[in-house]
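Contents: one structure, followed by commentary.
Laboratory data are not the source of any read-out in this text; all were calculated from the coordinates shown. This one's a predicted model, so the numbers in the text were calculated from it and none came from an experiment. Cβ sites come from the backbone with ideal geometry, for glycine too, and all protein chains shown count toward neighbours.
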Amino acid sequence: MYEEPDEVIRAEPGPNEQLLWAGRPRQGIVFRSIDIFFIPFSLMWGGFAIFWEVSVLNTNAPWFAALWGVPFVLMGLYMILGRFWVDAWQRENTQYAVTSQRVIIRSGVFAQTVKSLNIDTITDLSLSERSNGSGTITFGAVPPFYGWYGTMQSPWMNNQMVPSFELASDARKVYDIVRTAQLAAKQLR
């Protein structure tokens, strides 16, 4: 069931807190920079695992040898195809909000978690913008090569290494809303 993010996240703001923006990451299958390297690697891994498993099953090898290859085949299939659907599923269950006091990331596949950052304590704010206006806003120090791997997750890991609004449309507009809210919060102190 799809709900508009501002309706779902409307319950998050507390008293005297105003919702300034709400949104979701881009939906559907997404290819990332790391896929330039990861797709060939996953094809080699999965291809070898499937070849090995088929070879073992076509011989009179012990049952242990046949069972030994199953996790490698499953991992290969996940790396080749499954990770794209898991990523899409996670983004489908993710919502973002900026309020007058906080940045909120609500996500989770098996259980919803809410990450809340006080707007006036965010020290590192970064914008990575694409030519189509979408982009990623990170709230914290960004490690080297984070844009390649930082947002890749598995369904059992709800937390990103660095909290971010990943693949947000109108990223510059959202970035400006956060900056304006930060300035307003500092003036209230």
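Scan TRP63, TRP45, TRP68 and give me the residue that is out of contact with any helix residue (DSSP H, G or I) (no Cβ under 9 Å at 6 or more places or on another chain), hydrophobic (A, V, I, L, M, F, W, C) and more than 22 Å from VAL174 (Cα to Cα).
On the way: TRP45 fails: out of contact with any helix residue (DSSP H, G or I) (no Cβ under 9 Å at 6 or more places or on another chain); TRP68 fails: out of contact with any helix residue (DSSP H, G or I) (no Cβ under 9 Å at 6 or more places or on another chain).
Result of the check over TRP63, TRP45, TRP68: TRP63.
Return yes when GLY133 is out of contact with any Asp or Glu (no Cβ under 9 Å at 6 or more places or on another chain) and either assigned to a helix (DSSP H, G or I) or on the phi > 0 side of the Ramachandran plot (or both) and no when it is not.
Numbers: out of contact with any Asp or Glu (no Cβ under 9 Å at 6 or more places or on another chain): no; either assigned to a helix (DSSP H, G or I) or on the phi > 0 side of the Ramachandran plot (or both): yes.
No, not satisfied.
What number of residues within the range 109-125 satisfy the criterion of being acidic (Asp, Glu) and part of a helix (DSSP H, G or I)? Spell out the reasoning first.
In the first step, residues of the range 109-125 are kept if they are acidic (Asp, Glu); the result is 120, 124.
From what is left, the residues that are part of a helix (DSSP H, G or I) are 120.
Residues in the range 109-125 being acidic (Asp, Glu) and part of a helix (DSSP H, G or I): 1 in total.
Can you spot a residue in the range 81-89 that is closer than 30 Å to GLU129 by Cβ, aliphatic (A, V, I, L, M), in contact (Cβ under 8 Å) with a residue 40 or more places away in the chain and exposed (fewer than 13 other Cβ atoms within 10 Å of the Cβ)? Even if it seems obvious, please write down each step before you answer.
Within the range 81-89, the subset closer than 30 Å to GLU129 by Cβ is 81-89.
With the extra rule that they be aliphatic (A, V, I, L, M), the set shrinks to 81, 86, 88.
Okay, now just the ones that are also in contact (Cβ under 8 Å) with a residue 40 or more places away in the chain, so 86, 88.
Within this subset, residues satisfying the condition of being exposed (fewer than 13 other Cβ atoms within 10 Å of the Cβ) are none.
No, the range 81-89 contains no residue that is closer than 30 Å to GLU129 by Cβ, aliphatic (A, V, I, L, M), in contact (Cβ under 8 Å) with a residue 40 or more places away in the chain and exposed (fewer than 13 other Cβ atoms within 10 Å of the Cβ).
Return the only residue of GLN101, GLN95, GLN112 being more than 21 Å from the chain's Cα centre (by Cα), within 30 Å of PRO15 (Cβ to Cβ) and touching a residue at least 12 places away in the same chain (Cβ under 8 Å).
On the way: GLN95 fails: more than 21 Å from the chain's Cα centre (by Cα); GLN112 fails: more than 21 Å from the chain's Cα centre (by Cα).
Going through GLN101, GLN95, GLN112 in turn, the sole match is GLN101.
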